[in-house]
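A quick write-up on the structure given underneath.
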Amino acid sequence: MLDLQEMRKEIDVIDDQIVKLFEKRMSIAEDVAKFKIETQKPVFDRTREQEKLETLGQKTHSAFNCCGVQELYQHIMSISRKRQYQLLQESAPPETGEFRVVETLPKDKVSVVFQGVEGAYSHAAMHAFFGENIQSYHVDTWKDAMEEIKKGNAFYAVLPIENSTAGIVQDNYDLLNEYNHVIAGEQIIRCRHVLMGVPGATLEDIQSVYSHPQALMQCREFLDRHETWHCREFSNTAAAAKKVAKDGDKTQAAIASPYAAEYFGLVPLATGIYSNPGNSTRFIIVTKEKIYCKDAKKISVSYELPHESGSLYNSLSHFIYNGLNMTKIESRPIAERNWEYRFFVDFEGNLSDSAVQNALRGLKAEAQNLRVKKDLLYKCILP
């Protein structure tokens with residue numbers, strides 16, 4: 001009869017041997033790293049690693065063990081690469097690529113563009129972040145705002161990137177890839193939607209409600225209690241308020257911010273109409289200038305991965321092994337490459353940190369089209 005304790009003792013002996021051999025292998029890997037540093041050879045050799053995995057798999061005696069050994073050595077070689085990247089980072093001078101460090105972001109009298117019209121949440125986010133001493137103007141679309149930066153007409157653009165209820169703004173993630181701009185800051189605004197109409201209007205007068213699709217969704221419970229109302233989608237909340245004010249029709253109402261009601265001379269007909277009292281939108285401050293603040297605490301990168309087993313895990317392991325806290329990950333499909341995706345990752349750190357540089361070095365070698373999109377300093381909530 002098999003003795004469980006004896007078998008566990010035998011496994012312990014084998015594990016001790018594996019640990020000693022692993023440390024010996026890592027010591028040799030460090031010597032390999034030193035050789036690569038001296039000869040300027042790349043750390044990652046995909047062909048060599050694939051050949052190694054196939055050879056190791058052939059030495060096993062079952063299909064299950066073949067898969068197990070190959071998975072084990074994928075991890076071992078990944079760990080080895082990360083140690084080599086660390087040694088490479090230690091031997092190289094600090095680098096931040098194209099980025100230039102600044103003490104504070106330029107804010108005074110800068111030109112800022114936002115999408116929509118005055119009274120929009122983007123307008124409120126802009127003033128919450130920059131204050132009043134700026135030169136601002138608006139455009140019709142988010143793409144127009146990115147073009148204004150590209151042409152040099154504006155230094156910054158303010159764009160929504162995520163809502164706590166509706167999720168990400170997909171189009172703006174795609175624009176971040178289309179344009180080689182960076183995110184220098186962010187501003188979170190509480191979305192306190194209000195139903196507003198022209199002076200003298202009452203709830204009983206309303207027949208049509210205009211607003212952005214997300215605002216309509218965020219107030220769905222309130223709207224469902226008024227079955228006779230017709231919901232009309234509009235380009236943004238403030239534009240809807242502007243239309244209602246311009247038409248002067250008591251049967252029309254808009255869902256927008258209290259700021260928009262005041263700006264366009266409308267009166268609140270119902271407040272607290274949003275389903276989630278904590279509903280907030282995160283806006284990004286975009287610029288084409290490759291700058292980051294000296295005491296920034298958050299970074300975002302985007303990259304693409306080969307359509308291979310374990311590629312996402314291997315990319316995320318660079319954050320794990322460098323002690324970096326990942327705070328967000330999103331994916332977007334890559335045009336003309338069905339079922340392949342671009343990943344957007346936020347994590348804590350500063351571009352000047354050695355751990356960050358080490359992680360970025362590994363990602364650059366093993367992923368495709370790595371871009372550093374932002375190094376953020378500002379993040380606050382407007383009540």
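Dipole size of the chain about its Cα centre, with +1 on Lys/Arg Cβ and -1 on Asp/Glu Cβ: approximately 640 debye, rounded to the nearest 20.
Taking 0.36 nm per residue of separation and subtracting the current Cα-Cα distance, fully stretching the chain between residue 328 and residue 16 would add 108.6 nm. Taking the charge dipole of the range 1-92 about its Cα centre, with +1 at Lys and Arg Cβ atoms and -1 at Asp and Glu Cβ atoms, the residue from 11, 86, 56 reaching farthest to the positive side is 86. Karplus-based coupling profile of the range 240-247, in residue order and whole Hz: 5, 4, 4, 4, 4, 5, 5, 6, with θ = phi - 60° in 6.51 cos²θ - 1.76 cosθ + 1.60 and x standing for Gly or Pro.
Exposure proxy shown here: for 267, 13, 139, the number of other Cβ atoms within 10 Å sets the order, fewest to most, as 13, 267, 139.
What does the C-alpha gyration tensor say about the overall shape of the range 194-270? Classify as rounded when a/c is under 1.5, otherwise prolate if a/b is larger than b/c, or oblate. Here the range 194-270 falls in the oblate category. When only alpha carbons are used to place a centre, the range 155-179 and the range 187-216 end up 23 Å from one another.
In order along the range 151-162, the phi-based Karplus estimate (6.51 cos²θ - 1.76 cosθ + 1.60, θ = phi - 60°) of 3J(HN,Hα) comes to 6, x, 6, 10, 7, 10, 10, 10, 9, x, 10, 7 Hz; Gly and Pro are listed as x. FRET efficiency for the pair residue 171 and residue 348, taken as 1/(1 + (r/R0)^6) with r the Cβ-Cβ distance and R0 = 25 Å, rounds to 0.40. With the cut-off at 1.5 for a/c, could you classify the range 1-92 from its C-alpha gyration tensor as rounded, prolate or oblate? Verdict is oblate for the range 1-92. Relative contact order, whole percent, for the range 1-92 stands at 32, derived from Cα pairs under 8 Å and 6 or more residues apart. Between helix 311-321 and the chain there is an angle of about 90 degrees, using the helix long axis and the longest principal axis of the Cα atoms.
Rounded to the nearest Hz, the phi-derived 3J(HN,Hα) couplings of the range 44-50 under the Karplus curve 6.51 cos²θ - 1.76 cosθ + 1.60 (θ = phi - 60°) are 8, 10, 4, 5, 4, 5, 5, where x marks glycine and proline.
Once the Cα-Cα distance is subtracted from the 0.36 nm per residue extended length, the residue 30 to residue 179 segment shows a gain of 49.7 nm. Against the chain, whose longest principal axis comes from its Cα atoms, helix 354-366 is set at around 80 degrees. Fully extending the segment from residue 45 to residue 110 would add 18.7 nm, taking 0.36 nm per residue of separation and subtracting the current Cα-Cα distance. Averaging sequence separations of C-alpha pairs under 8 Å and six or more residues apart, then dividing by the length of the range 74-152, give the relative contact order as a whole percent. 28 percent. Listing 193, 230 from fewest to most neighbouring C-beta atoms within 10 Å gives 230, 193. When 25, 83, 225 are arranged by Cβ crowding within 10 Å, least crowded first, meaning fewest neighbours, the order is 225, 25, 83. The range 10-77 and the range 243-290 have Cα centres lying 58 Å from one another.
With a threshold of 29 Å on the Cα-Cα distance, the over-threshold entries among 41/151; 109/297; 109/242; 41/297; 246/373 are 41/151; 41/297; 246/373. The angle separating the long axis of helix 121-130 from the principal Cα axis of greatest extent in the chain is about 70 degrees. Shape class for the chain, computed from the alpha carbon gyration tensor (a ≥ b ≥ c): prolate, with a/c not under 1.5 and a/b above b/c. Between residue 65 and residue 217, the distance separating the two model label sites (each 7 Å from Cα on the Cα→Cβ line) works out to 5.2 nm. Within the listed set 67, 231, 191, the residue fluctuating most in the Gaussian network model of the chain (springs between alpha-carbon atoms under 10 angstrom) is 67.
Throughout, read-outs are computed from the coordinates displayed, never taken from laboratory work. All values reported here derive from a predicted model rather than from experimental measurement. FYI the Cβ positions are ideal-geometry reconstructions off the backbone, even for glycines, and counts take in every protein chain you see.
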